[in-house]
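Take a look at the structure below.
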Amino acid sequence: MDQKRVLLIIGGGISAYKSLLLIRLLRGARIAVTPVLTRAGEEFVTPLSVSALAGHKVHSALFDLGQEAEMGHIELSRSADLIVVAPATADLMAKMAGGRADDLASTLLLATDTPVLLAPAMNVRMWHHAATQRNLDALRGDGIHVVGPNSGDMACGEFGLGRMAEPDEIMAAITARLTDGPLKGRHIIVTSGPTHEAIDPVRYIANRSSGAQGAAIAAALRDLGATVTFVTGPASVPPPSGVQVTRVQTAQQMLGAVMAALPADGAVMAAAVADWHVSNASDQKIKKTASGLPVLEFAENPDILAEVSKGANRPELVVGFAAETQNVAEYAAQKRLRKGCDWIVANDVSPQTGIMGGSENAVTLITDAGAEEWPRMGKTEVAARLAARIAQALGAK
Ligand code: CTP
């Protein structure tokens, strides 16, 4: 591989110290680093430590505005294979989303035609603020890649989403962007969201799945280079960009879409599929009558996970989910054997966990080697870890 070059913009946040570790990881992987330090970034790490680690002079607002003749910002913005912003503060993200260019970093980001990866870091409330989430959606829509943030204790004493991703996670995201990705050439089917089972033309039976975890998994697999077929029920979270989307309503339609998408190297069944459909669903809207309440009869839906796991065209790796409200690991282990899949990602969806419909997940990964409990973390982080494990497993076969 030709030597790759990363333009690293270090914003002003306490996690800027982790960017020093990131520079070491990049240099260790023989990736050249051109550092840019924002004015606020200079309050957290010094230009001297950054330049010493990077082995390259630091471009800072004042320096570069005075040295335009030496290397113009346009040229600087295009001199790299990837621009990484770590930490990406709420302010930097807002500037990017608004297309502002009032300092060197924001000018470079506006002038570039190079892919950009952000590692956001901020206080939990700033992260969850509607404005930041709006900016995030806009940036994703512009094709900007994002790694993290993670959940945990924060320097400001609060707890939650907003910690910058760890240097090795950012490094993995950078490597995936700079190379073809370990899942290049692999086709993976991901199911997501709830299903809707009709009672009559206007009413249906559904469940509380938002589709957030499935969408995050599809995006993480895409980021590792996989070709993803995303089969989704009527979810409230939009499907990620860069994947092949098939929208369905019912379990029966989801089965049809999954079977039509085979063959595949992997399948991740994150959908919350209804176990039953109404077998006496009415063609017309059911009316209130004096003769009493309607009686619904149910018939079992096909088990998509079991059919794929036991079918002739079985992918190399089949991953199921188990939504449980009690005895999570035990029920999930039984489910793995019963359905014939390789792994089960089990989670506790009791209402008090806030997992179904929430932004975090606490999962146990069940494989033939046993149960592995992961700490509670953002759904994006669960997705990134799971995708990395899938890449490992498919790579090893
Ligand atoms: N699943 C499926 N088709 C179904 C039901 C479930 O493919 N008709 C898949 C889900 O996508 C998930 C896994 O099976 O990957 C487990 O789903 P879950 O709802 O936890 O299991 P159930 O089959 O409903 O089992 P139980 O009734 O014992 O909870």
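The values are calculated or read from the model by the stated rules, or taken from the named source; none is laboratory data. Owing to the predicted nature of the structure, the values given are computational and were not obtained by experimental measurement. Every residue, glycine among them, receives a Cβ derived from its backbone with ideal geometry; neighbour counts consider all protein chains shown.
The figures follow:
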read-out: Residues satisfying the stated conditions in region 87-120, i.e. surrounded by fewer than 18 Cβ atoms within 10 Å (Cβ to Cβ) and of a type in the set (S, T, N, Q); value: T114
read-out: Any hit, region 297-305, residues being more than 14 Å from the ligand (Cβ to nearest atom), modelled with pLDDT of 95 or more and farther than 30 Å from D348 by Cβ; value: yes
read-out: Pick from region 132-170, criterion touching a Lys or Arg at 6+ places or on another chain (Cβ under 6 Å) and part of a strand (DSSP E or B), ranking: farthest from T114 (Cα to Cα); value: G152
read-out: Top-ranked residue of region 260-278 - restricted to ones that are farther than 19 Å from R186 by Cβ and more than 8 Å from the ligand (Cβ to nearest atom), ranked as surrounded by the most Cβ atoms within 10 Å (Cβ to Cβ); value: H277
read-out: Matching residues, region 197-213, being part of a loop (DSSP other than H, G, I, E, B) and touching a Lys or Arg at 6+ places or on another chain (Cβ under 9 Å); value: D200, P201, V202, R203
read-out: Test: residue in region 347-355 that is more than 30 Å from R140 (Cα to Cα) and within 12 Å of the ligand (Cβ to nearest atom); value: no
read-out: Flag for E330 being modelled with pLDDT under 95, in the same structural domain as S209 (by TED's automatic domain parsing) and in contact with a Ser or Thr (Cβ under 9 Å, 6 or more places away or on another chain); value: no
read-out: Within region 222-251, considering residues that are hydrophobic (A, V, I, L, M, F, W, C), modelled with pLDDT of 95 or more and not in a loop (DSSP other than H, G, I, E, B), the one farthest from the ligand (Cβ to nearest atom); value: F230
read-out: Residues of region 307-326 satisfying the condition of being within 11 Å of the ligand (Cβ to nearest atom) and more than 20 Å from I217 (Cα to Cα); value: E307, T325, Q326
read-out: Those residues of region 178-216 which are buried (at least 21 other Cβ atoms within 10 Å of the Cβ) and either at pLDDT below 90 or more than 16 Å from the ligand (Cβ to nearest atom) (or both), in sequence order; value: L183, R186
read-out: Qualifying residue in region 285-292 (condition: crowded, with 21+ Cβ neighbours inside 10 Å and away from the ligand (no atom under 13 Å from the Cβ)); value: no
read-out: Qualifying strands (runs of 3 or more DSSP E) (wholly inside region 252-301; at least 3 residues being under 24 Å from the mean Cα position of the chain (by Cα), under 19 Å from W343 (Cβ atoms) and in contact (Cβ under 8 Å) with a residue 60 or more places away in the chain); value: 266-269
read-out: I217 vs. criteria closer than 20 Å to V382 by Cβ and β-branched (V, I, T); value: yes
read-out: Residues of region 182-192 satisfying the condition of being assigned to a loop (DSSP other than H, G, I, E, B) and out of contact with any Lys or Arg (no Cβ under 9 Å at 6 or more places or on another chain); value: P182, K184, G185, R186
